[in-house]
Amino acid sequence: MGRETPGKVAFPFFGTAGVTDFNYTELRRTDRELDDRRAAHRVVIHPGGHEWLSRELAMEALAWLDLQAMRTGVKPKDATWIQAQFEARRAAVPAEPPLENFHGLKALAADFKDLADTAGVERQVAVLAAAHEIRDALKAERAAERQEEDMAGGLLEAASGGASGQVRKLAENLHAKAGATATTSERQMATRILQGVSAHCSEMAREQMRGENYGDAAPFFEALTLLRPERTQAWFDLARCQALAGDKKRALAALQGGAAAGFKDAARVEAEPAFAKWRAEPAFLKIVAEMR
């Protein structure tokens, strides 16, 4: 959804993302846009990354949808169940940090309005919304989102333009932050950028390969080797792309890079039609031997 959120949303929306999920920023923005539209919605941020939601979170989503069904009359109201849900949700609202406390209470008041006694929660939300600490935290949150978007945009632009030196420099900086031992917002942001830009590069590379635009695909594959070095498949894809483009030197260099990075599927390299004409060459055989 994000910036494509329609002016009117006629269905309840439950969304979730991890703190290192590259969809995190988009979902935060969607949450605000649905707030503005007064649409029934709930956004839950969990400690993980880009992954399927847990069983517990799935059950929470289903319970929330049941609540919306009771609100609209699609399902009969169960006052006892609603009260139990309200009390469980209220107990689960984090006390710290203050901004997460504010987000949690605000969602609680919106979800149970006219279904449970939310007057006390609404008063808390009003007090927090007027507090300088929360206002400053909200401004900082949006500033961080803009910073993340700018950094991701700059990295993607460098990758699209084939500026491998710039991609390498930016990627090294992000890897250093993402590898920090402490769980910080900076580490989480760096992880999201690396994963988000690499996902986009992968999509663009595949699209260019389908169109046999090998020269345009190569910079994206090269960027992938820098952004996600743990995924050695990118070296194979880069080598195949260069081979199909007729660039033997770069193709063999990419295969060598893959061998050095830990790509071990020698059988796949030997069977790849794009490398067929080099199968008997010493340089190719040496690389394959290294992979074994």
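Which of the residues that make up region 1-17 are modelled with pLDDT of 90 or more and either of a type outside the set (Gly, Ala, Ser) or buried (at least 20 other Cβ atoms within 10 Å of the Cβ) (or both)? Answer for region 1-17, where residues must be modelled with pLDDT of 90 or more and either of a type outside the set (Gly, Ala, Ser) or buried (at least 20 other Cβ atoms within 10 Å of the Cβ) (or both): 11, 12, 13, 14, 16, 17. I'd like the residue in region 93-125 that is open to solvent by 60 Å² or more (accessible area, probe 1.4 Å) and among the aliphatic types (A, V, I, L, M) and, out of all such residues, is nearest to residue 67 (Cα to Cα). So, considering only residues that are open to solvent by 60 Å² or more (accessible area, probe 1.4 Å) and among the aliphatic types (A, V, I, L, M), the one nearest to residue 67 (Cα to Cα) is 110. Taking the listed residues 21, 66, 31, the one that is surrounded by 13 or more Cβ atoms within 10 Å (Cβ to Cβ) and more than 24 Å from the chain's Cα centre (by Cα) is 66, with no other qualifying. Looking only at residues in region 145-188 that are part of a helix (DSSP H, G or I) and among the polar types (S, T, N, Q), which one is surrounded by the most Cβ atoms within 10 Å (Cβ to Cβ)? Only one residue fits best here, namely 188.
Residue 98 meets the conditions (1) touching a strand residue (DSSP E or B) at 6+ places or on another chain (Cβ under 7 Å); (2) within 26 Å of residue 182 (Cβ to Cβ) in every case but one. The failed one is (1). Is one or more of the residues making up region 269-288 touching a residue at least 60 places away in the same chain (Cβ under 8 Å) and not charged (D, E, K, R)? Looking through region 269-288, none of the residues is touching a residue at least 60 places away in the same chain (Cβ under 8 Å) and not charged (D, E, K, R).
Entry remark, region 72-112: residues being among the hydrophobic types (A, V, I, L, M, F, W, C), under 30 Å from residue 132 (Cβ atoms) and in a loop (DSSP other than H, G, I, E, B) number 2 in total.
Scan region 257-292 residue by residue and report those that are open to solvent by 70 Å² or more (accessible area, probe 1.4 Å), outside any loop (DSSP other than H, G, I, E, B) and within 18 Å of residue 231 (Cβ to Cβ). Result: 260, 268.
Counting only residues that are part of a helix (DSSP H, G or I) and either free of Cβ contacts under 8 Å to residues at least 12 places away in the same chain or hydrophobic (A, V, I, L, M, F, W, C) (or both), region 233-249 holds 9 of them. The residues of region 209-221 that are of a type outside the set (D, E, K, R) and over 23 Å from the mean Cα position of the chain (by Cα), listed by number, are 209, 211, 213, 214, 215, 218. Looking at this structure, is residue 69 aliphatic (A, V, I, L, M), in contact (Cβ under 8 Å) with a residue 12 or more places away in the chain and assigned to a helix (DSSP H, G or I)? Considered against the rule, which asks whether it is aliphatic (A, V, I, L, M), in contact (Cβ under 8 Å) with a residue 12 or more places away in the chain and assigned to a helix (DSSP H, G or I), residue 69 comes out as no.
Within region 194-208, take every residue that is among the polar types (S, T, N, Q) and under 19 Å from the mean Cα position of the chain (by Cα) and give me the one that is least open to solvent (accessible area, probe 1.4 Å). Result: 198. Residue 191 fulfils the conditions (1) within 30 Å of residue 147 (Cβ to Cβ); (2) surrounded by 19 or more Cβ atoms within 10 Å (Cβ to Cβ); (3) more than 17 Å from the chain's Cα centre (by Cα) except for a single criterion, (3). Before we move on, is residue 251 open to solvent by less than 30 Å² (accessible area, probe 1.4 Å) and within 21 Å of residue 201 (Cβ to Cβ)? Yes, satisfied.
The values are calculated or read from the model by the stated rules, or taken from the named source; none is laboratory data. Being a predicted model, the structure only gives us computed values, none of them experimental. No Cβ is skipped: glycine too gets one built from the backbone with ideal geometry, and neighbour counts run over all protein chains shown. Accessible surface is based on the protein model in full, side chains and every heavy atom, while ligands, DNA and RNA are left aside. Shrake-Rupley method; radii C 1.70, N 1.55, O 1.52, S 1.80 Å.
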